[in-house]
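Asker: Could you have a look at this structure, given as structure tokens, before my questions?
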Amino acid sequence: MTARAPSERRGTLVVSGGSRGIGAATARLAGARGFDVAIGYLERHDAAAAVAADVVRAGGRAVLARGDIAQEADVERLFEEATRSLGPVTGLVTSAGATGGFSRVENVTVETVARVLAVNVTGTILCAREAVRRMSTRHGGRGGAIVTVSSIAAQLGGAGEWVHYAASKGAVETFTLGLAREVAGEGIRVNGVSPGLIETELHAAAGEPERPRRLAATIPMGRPGTAEEVAEGILWLLSPAASYATGTILRIGGGR
């Protein structure tokens with residue numbers, strides 16, 4: 001499939017954590033919906049390249065940028081590469097995240113807490129900062145939309161599994177609300193999604209690949225969700241259909 005003409009594109013979307021899970025599903029769907037996509041990733045180049053290829057097959061353009069979003073220089077490079085290769089940034093999805101694995105609070109290490117907060121909180125703030133610098137009408141930008149990726153754990157607390165992770169996502173939701181109010185008059189909408197139990201590699205990375213199926217009975221709809229279902233919510237929040245939505249956390253959790 002040939003790339004869309006520039007006039008048909010919806011702009012440049014930066015997706016952190018775009019090589020897997022919700023980030024990969026979002027990048028693919030964004031490509032199909034008319035975005036050019038800058039895919040940030042940390043380790044899995046082959047997986048990120050496969051996502052980029054899917055964006056191109058859907059008619060968009062894609063660029064890869066490897067880096068750690070907890071590092072300021074890497075975040076700056078991601079946005080610089082997006083702008084240089086694809087044009088002005090018009091959207092951001094902060095899907096990169098770290099769980100720190102499963103642990104009760106009395107057993108969690110300071111290194112785990114530091115890493116989870118660095119990726120989930122500092123990384124989200126740094127990415128949003130760079131997006132605002134480019135999109136805000138206060139800085140000469142044309143506006144845009146930011147969608148943060150939280151977790152239903154922020155409301156449930158993660159007891160017995162990952163309170164440290166839940167706390168980091170609570171911070172993400174507070175940041176989303178504050179930033180939304182700060183830049184609402186500058187052409188930027190800021191919203192978040194709060195996924196429930198979703199079938200992604202996150203559970204295996206945390207040490208329990210069977211967790212979605214084990215907990216399926218706790219979900220009113222009786223099943224885990226998919227990354228593609230969350231991506232649909234994200235693309236709606238990015239779209240003109242959500243033009244009056246800002247400061248909203250969209251819960252996508254099957255009723256959980």
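Asker: When both residues are 6+ apart or on different chains and their Cβ atoms are under 7 Å apart, which pairs have a first residue that lies in the range 151-172 and is farther than 15 Å from Leu197 by Cα, and a second that is of a type in the set (Val, Ile, Thr) and assigned to a strand (DSSP E or B)?
Answerer: Matching pairs, first to second residue: Val172/Thr148.
Asker: Across the range 36-69, what is the total count of residues that are crowded, with 19+ Cβ neighbours inside 10 Å, more than 13 Å from the chain's Cα centre (by Cα) and either of a type in the set (Asp, Glu) or closer than 19 Å to Gly192 by Cβ (or both)?
Answerer: 1
Results for (1) aliphatic (A, V, I, L, M); (2) at pLDDT 95 or above, shown as yes or no for each residue.
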{"site": "Glu76", "(1), (2)": "no, yes"}
{"site": "Leu86", "(1), (2)": "yes, yes"}
{"site": "Ser103", "(1), (2)": "no, no"}
{"site": "Val110", "(1), (2)": "yes, yes"}
{"site": "Thr137", "(1), (2)": "no, yes"}
{"site": "Ile146", "(1), (2)": "yes, yes"}
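Asker: Could you pull out the residue among Gly170, Gly160, Gly144, Gly140 that is touching a strand residue (DSSP E or B) at 6+ places or on another chain (Cβ under 6 Å) and not aliphatic (A, V, I, L, M)? Quick ask: steps written out before the conclusion?
Answerer: Numbers: Gly170 fails: touching a strand residue (DSSP E or B) at 6+ places or on another chain (Cβ under 6 Å); Gly160 fails: touching a strand residue (DSSP E or B) at 6+ places or on another chain (Cβ under 6 Å); Gly140 fails: touching a strand residue (DSSP E or B) at 6+ places or on another chain (Cβ under 6 Å).
Going through Gly170, Gly160, Gly144, Gly140 in turn, the sole match is Gly144.
Asker: Within the range 100-107, can one find any residue that is farther than 23 Å from Gly21 by Cβ, surrounded by 19 or more Cβ atoms within 10 Å (Cβ to Cβ) and of a type in the set (A, V, I, L, M)? Explain how you work it out, then say what you get.
Answerer: The initial filter retains those residues of the range 100-107 that are farther than 23 Å from Gly21 by Cβ, namely 104-107.
Imposing the further condition that a residue be surrounded by 19 or more Cβ atoms within 10 Å (Cβ to Cβ) reduces the set to none.
So far as the range 100-107 goes, no, none of its residues is farther than 23 Å from Gly21 by Cβ, surrounded by 19 or more Cβ atoms within 10 Å (Cβ to Cβ) and of a type in the set (A, V, I, L, M).
Asker: Additional query: If you go through the range 26-46 one residue at a time, do you hit one that is closer than 25 Å to Thr137 by Cα, at pLDDT 95 or above and acidic (Asp, Glu)?
Answerer: Yes, some residue in the range 26-46 is closer than 25 Å to Thr137 by Cα, at pLDDT 95 or above and acidic (Asp, Glu).
Asker: Within the set of pairs 6 or more residues apart or between chains, which connect a residue that is acidic (Asp, Glu) inside the range 47-66 to a residue that is in a helix (DSSP H, G or I) and crowded, with 16+ Cβ neighbours inside 10 Å with Cβ atoms less than 6 Å apart?
Answerer: Filtered contacts from the range 47-66: Asp54/Arg28.
Asker: Also: Quick test of your reading of the structure: Gly97 fulfils all but one of (1) farther than 27 Å from Pro240 by Cβ; (2) surrounded by fewer than 17 Cβ atoms within 10 Å (Cβ to Cβ). Name the failing condition by number.
Answerer: Status for Gly97: all satisfied but (2).
The values are calculated or read from the model by the stated rules, or taken from the named source; none is laboratory data. On a predicted model such as this, the values are computed, not experimentally measured, just so you know. Every residue, glycine as well, gets a Cβ built from its backbone with ideal geometry; the counts of neighbours run over all protein chains shown.
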